[in-house]
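Enquirer: Quick one: this structure, given as structure tokens, is what I'll be asking you about.
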Amino acid sequence: MNEKFLKPYNSAEAEERISKLWDESGFFNPDNLPTNTGALDSDGQPRFSKPFSIILPPPNVTGTLHAGHAMMLAVQDIIIRFERMRGKKTLWLPGTDHAAIATQSKVEGIIYKEEGKRRHDLGREELLKRVEQFAQNSHDTIVSQVKAMGSSVDWSREAFTLDEIRNKAVRTAFKQMYDDGIIYRGYRIVNWDVKGQTTISDDEIVYVEQKSKLYTFRYGKTETGEPFPIPIASGRPETKVGDVAVAVHPDDARYKQYIGKEYKVNFAGTQLTIKVVGDEAAQPEFGTGAVGVTPCHSMTDWDIAERHGLRKDLIVINEVGKMTEAAGPMVAGKKIAEARTTIVEWLKSEGLLEKEEDIVQNVTTAERTGGVIEPLPKLQWFVSATKRFTQKFGPNAGKETSLKELMLGAVRANGGEIEIIPDRFEKTYLHWIENLRDWCISRQIWYGHRIPVWYRTDASGKEEVFVGVEAPQNSADGVGAWKQDEDTLDTWFSSGLWTFSTLGWPDAWDPQANGGKGGARPGTDLALYHPTDILETGRDIIFFWVARMILMSTYLIGEIPFKTVYLHGLVLDGAGKKMSKSLGNVIDPLAMKEKYGADAFRLSLIIGTGPGNDSRISDDKIKGYRNFANKLWNIARFILSNTTGESETNKPSAGILIPPAIDYDPAFSAFSDADSKLIEELDALIVEITKEMEEYKFYIVAEKLYHYAWDKLAADILEDSKKIFAAGDAAAIRSRQQFLLRALDRLLRVLHPFIPFVTEEIWSHIPKSKNRTVGLLMISEWPE
RNA sequence: GCGCGGUUAGCUCAGUUGGUAGAGCAUUCCCUUGACGUGGGAAGGGUCAGAGGUUCGAAUCCUCUAUCGCGCACCA
């Protein structure tokens, strides 16, 4: 027997060796799985013929992987290894995400800290070079971390959201959406991130509570010399120099008489024209019941202005967060905070300020840069949620629909095919879609997919727009050259294509197939692996990502991107706190692997965690599962030493009976009554956990196996075996030996998806025999 | 404001068709040289947040309350 078994399980040594074995086998790539062996899979099909696929949610190239990533990798690897053992042709496709804003702002931060330079000091080309270098380093780290966790992904198919293949997919998608009128350019109010100097979508906003003041006041004198009749309330009086109207509820008896009237008022040194309008958006209970309408600096006010045909060109705050000339001489050029002080002082001095209250205000900030968001009107590109168009591909080709309808119809709660686990998130998803507004997709940053739109001015001075997959040719007729749009696309635009851009779309797609309903070209990955079987991801990106993949996939190829969505929660520290660098409570997966082994770390991330719930992880917990790996090691040691006819130590075996060497015989049937019962028990357990595996209840399966191995097999059966071996009844000994080998064989198989390294390591030390010529555990059969 | 989730042993959590409360860690005591001290045995510890209801029977189903957390909306 191998000397290794005389020492505690050495995870570091074993993991390195096993990683190499797996790598060399090539079995992470489904193309290399051994077919034509005559064996059947769990569905009765030839083994490794029926596809099963997961596309890895691509980690951002903004840094290194954390415990949350480790959990995601563990869950997906469990699913993949389970399905592979059940005989599926399993593809787990890895990749990374360029994460446009996140990555660029991170690199900009580093450059500013180290060199004191900003974006425009470097220029587009130089900045991109630096960002790409950073992304490359980050990518390399991520790849090594994914490997370290034992993740059985197919590296030969690795993808990047910003590589050339994915860029082609993005341009193709954009073009089709533009042609269908789903993508449009519009002058609308958008979220402007002053710090990041870019627009962002509604989903990239976070509200931060802040103590602030609510001022109640009136505009200054009207043309008659009387003060403006209606008092208004505002937390941002500096924006009031941009007001064009006052909105009151149409039924509000206090103000009804003023509706429709227009006043010229003096306000902070500037002249405003204020019309009183009746609009349901004004709530009589709030403040004075009257709203000062600032169309260019508030989303809701912009909508009010739209409804009443008010002017929408009075811009009083600019892109760097300062007051414009149009704001009037008193505040022009000042920063927002200064302007507010100035205006409040002015209101006081004029006796116009009626009330000043302390309130808690939600300040709108950008998730990535932390900067304040100023709503500003800008010419940007949008994806329409509601525009009607004719579905090109799939079973519903020819039918009229909208993106919102496609997204709503895809989930099970609405009669669709996609199941979300846990199911309560289906409601969350639907609620979000129902309130969905048009998606602003253009960004004023440099790192990302350049918008595939070109402009030129024709001879008559009119702007021409070209949208295409490839750049347009410049003509030699003296007309101005085409110039590509400076902006890049929201990173989620390319992420939305991820399930099929990674499988070869658009080249693998044949629009003419199926009588014009479209289809994947035969033999391509797209044909074989799409729709993917399951999307496993964090519940925090259900809107960002899950919804957009459903959007892109159903729209572009008329197919759902995945059948099941499995959402996991956040991984918190031992005290229930979110991990963050500033708190110093971040758990580094590589450090845990070194200390306790990847298996122990994986198990600690799985046990005690249901889908969608947050989980906690601590050193103690991981340590507990490191002990389990060792327990399994010693179970194997006992079983092997009592079936090979060898003493388990080098010492002379004084007075200890060593059972004779035997060959494991899967067909052995002469079991004692006691052993028959044990077999029934174990078989029943396997049936039970197989069902739970299919229901994605990994936390329950892992715990059951843990207890079987420790409390049943080790504590009861092995102890009992010692007595049987000592008693000397040859038939009973033989029966027990066969049972033990059988139990070890079964246990290693079912534990393999959870703790792949230690199980594969033990497996490799089971002596070969006439009945046992199998190779790697990772492609062995799941016991039925 | 609307919605969702949690509240079970000191701590972290299981408990899936309602049938006399479970695990890990922690605590206390004991044991142990032949699989394993990364071990073994044992013990203590819970009116399952509260109230009401349905039921022969409720941690489990219903209603309300409290409390914590999350999402969405509002934020003039």
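Enquirer: So what's the gap between the Cα centers of the stretch A:483-549 and the stretch A:298-341, to the nearest angstrom?
Expert: Cα centroid of the stretch A:483-549 versus Cα centroid of the stretch A:298-341: 41 Å apart.
Enquirer: Over the stretch A:104-247, what is the relative contact order in whole percent, taking alpha-carbon pairs under 8 Å and six or more residues apart?
Expert: 10
Enquirer: Calculate the FRET efficiency for A:F466 and A:V208 from the Cβ-Cβ distance with a Förster distance of 56 Å, rounded to the nearest 0.05.
Expert: 0.85
Enquirer: Rounded to two decimals, what is Rg over Rh for the stretch A:343-450 when you use alpha-carbon atoms and the Kirkwood radius?
Expert: Here Rg/Rh amounts to 1.17.
Enquirer: Between 0 and 90 degrees, rounded to the nearest ten: what's the tilt of helix A:619-641 against the longest Cα principal axis of chain A?
Expert: Compared with the principal axis, the helix lies near 20 degrees.
Enquirer: Quick one: check the C-alpha center-to-center distance for the stretch A:246-271 versus the stretch A:424-440, whole angstrom.
Expert: The stretch A:246-271 and the stretch A:424-440 have Cα centres separated by 36 Å.
Enquirer: Can I ask one more? Tell me the accessible surface of A:L40 in square angstrom (1.4 angstrom probe, heavy atoms of protein chains only), to the nearest ten.
Expert: Spelled out: A:L40, probe radius 1.4 Å, area about 100 Å².
Enquirer: Any idea which of A:W192, A:G321, A:Q391 is furthest toward the positive side of the dipole for chain A, if Lys and Arg beta-carbons carry +1 and Asp and Glu beta-carbons -1?
Expert: Checked the options; the winner is A:G321.
Enquirer: In the structure displayed, which of A:K4/A:K768; A:K677/A:K768; A:K691/A:K712; A:K427/A:K563; A:K129/A:K175 lie more than 19 Å apart, Cα to Cα?
Expert: Check vs 19 Å cut-off fails for A:K677/A:K768; A:K691/A:K712; A:K129/A:K175.
Enquirer: Restricting to Cα pairs below 8 Å that are 6+ residues apart, what does the relative contact order work out to for chain A? Please round to a whole percent.
Expert: Relative contact order comes out at 15 percent.
Enquirer: Let me ask something additional. Taking only protein heavy atoms and a 1.4 Å probe, what accessible area per residue, in Å², does the stretch A:500-648 have with all protein chains in place?
Expert: About 35 Å² of surface per residue is accessible.
Enquirer: Same structure again: At R0 = 41 Å, how high is the FRET efficiency between A:Q133 and A:A670 if r is their beta carbon distance? Nearest 0.05 is fine. Mind showing how you got there, number by number?
Expert: Working: r = 68 Å, r/R0 = 1.65.
After rounding to 0.05, the efficiency reads 0.05.
Enquirer: So if I place +1 on the C-beta of Lys and Arg and -1 on the C-beta of Asp and Glu, and nothing else carries charge, what would the dipole magnitude of chain A be about its Cα centre? I want it in debye, nearest 20.
Expert: 540
Enquirer: Continuing with this model, one more query. Residues of the stretch A:363-413: accessible area per residue at 1.4 Å, in Å²? Provide the component values of the computation, followed by the final result.
Expert: Details: 2070 Å² over 51 residues.
Result: 41 Å² per residue.
Enquirer: Select from A:I110, A:A459, A:A366 the residue farthest towards the positive end of the dipole of chain A; place +1 on Cβ of Lys and Arg, -1 on Cβ of Asp and Glu, and compute about the Cα centre.
Expert: A:I110
Enquirer: A:K399 to A:I165: extension gain in nm, 0.36 nm per residue of separation minus the Cα-Cα distance?
Expert: Full-extension gain reported as 81.2 nm.
Enquirer: Averaged per residue, what accessible area in Å² does the stretch A:67-123 show with a 1.4 Å probe, protein chains only?
Expert: Solvent-accessible surface per residue comes out at 29 Å².
Enquirer: Which residue, chosen from A:G416, A:M71, A:P611, occupies the Cα position most advanced towards the positive end of the dipole of chain A, where the dipole is computed from +1 (Lys, Arg) and -1 (Asp, Glu) charges on Cβ about the Cα centre?
Expert: A:M71
Enquirer: If I take R0 = 30 Å and measure r between the Cβ atoms of A:A513 and A:E417 in this structure, what FRET efficiency does the formula 1/(1 + (r/R0)^6) give, to the nearest 0.05?
Expert: Using R0 = 30 Å, I get an efficiency of 0.90.
Enquirer: Let me make sure I get this right: for chain A, a, b and c are the square roots of the gyration tensor eigenvalues over alpha carbons, sorted descending. Under 1.5 in a/c it's rounded, otherwise prolate if a/b > b/c, else oblate. Which is it?
Expert: prolate
Enquirer: Quick check: residue separation of A:E345 and A:I110 times 0.36 nm, minus the Cα distance between them. What number comes out in nm?
Expert: 80.6 nm
Enquirer: Could you compute the net charge surrounding A:G504? Neighbours are other residues with a C-beta less than 9 Å from the C-beta of A:G504; K and R count +1, D and E count -1. Intermediate values should be presented prior to the final figure.
Expert: Working: positive: A:R521; negative: A:D507, A:D525.
Its environment carries a net charge of -1.
Enquirer: Sort A:431-437, A:156-162, A:92-98 by the packing proxy (mean of other Cβ within 10 Å over each peptide's residues), most packed first.
Expert: By packing density, highest mean first, the sequence is A:92-98, A:156-162, A:431-437.
Enquirer: Roughly speaking, what is the stretch gain from A:W432 to A:T390, that is 0.36 nm per residue apart minus the C-alpha to C-alpha distance, in nm to one decimal?
Expert: 12.7 nm
Enquirer: If you don't mind, another one. Ordering A:E3, A:E464 by accessible area with a probe of 1.4 Å, largest first, what comes out?
Expert: A:E3, A:E464
Enquirer: While we're here: Where a Cα-Cα gap under 19 Å defines reach, which lysines qualify for A:K623, not counting those fewer than 8 residues away within the same chain?
Expert: A:K7, A:K593, A:K595, A:K631, A:K704
Enquirer: Straight-line reach from A:K355: which lysines have a Cα under 17 Å away, not including same-chain ones fewer than 8 places off?
Expert: List returned: A:K211, A:K213, A:K240.
Enquirer: Taking chain A as the reference, fit the longest principal axis to its C-alpha atoms, fit the long axis of helix A:299-308 to the helix C-alpha atoms, and give the angle between the two in degrees, 0 to 90, nearest 10.
Expert: Rounded to the nearest ten degrees, it is 50.
Enquirer: Report relative contact order for the stretch A:530-631 in percent, whole number only (criteria: Cα-Cα under 8 Å, sequence separation at least 6).
Expert: 27
Enquirer: Quick one: Cα centre-to-centre distance for the stretch A:746-763 and the stretch A:205-245, in angstrom?
Expert: The two parts, judged by their Cα centres, are 68 Å apart.
Enquirer: Using a 1.4 Å probe on the protein heavy atoms, what percent of the accessible area of chain A belongs to carbon and sulfur?
Expert: Looking at chain A in its full context, I get 50 percent from C and S.
Enquirer: Restricting to DSSP H runs of at least four residues, report the calculated mean residue ellipticity at 222 nm for chain A, -39500 (n - 2.57) per run over all residues, nearest 500 deg cm²/dmol.
Expert: -11000 deg cm²/dmol
Enquirer: Which aspartates and glutamates, if any, have their Cα less than 19 Å from the Cα of A:K399, not counting same-chain residues under 8 positions apart?
Expert: Correct list for A:K399: A:D179, A:D180, A:E417, A:E559.
Enquirer: Follow-up. Once you charge only the Cβ atoms, +1 for Lys and Arg and -1 for Asp and Glu, what is the size of the charge dipole of the stretch A:416-525 about its Cα centre, to the nearest 20 debye?
Expert: Dipole about the Cα centre, nearest 20: 80 debye.
Enquirer: So what's the angle, to the nearest 10 degrees on a 0 to 90 scale, between helix A:100-115 and the longest Cα principal axis of chain A?
Expert: Roughly 80 degrees, rounded to the nearest 10.
The values are calculated or read from the model by the stated rules, or taken from the named source; none is laboratory data. Note that the coordinates shown come from a computational prediction; the quantities given were computed from them, not determined experimentally. Note that each Cβ is placed from the backbone with ideal geometry, even for glycine, and that neighbours are counted across all protein chains shown. Remember, those area values only see protein heavy atoms, side chains included, never the ligands or the DNA or RNA. Shrake-Rupley method; radii C 1.70, N 1.55, O 1.52, S 1.80 Å.
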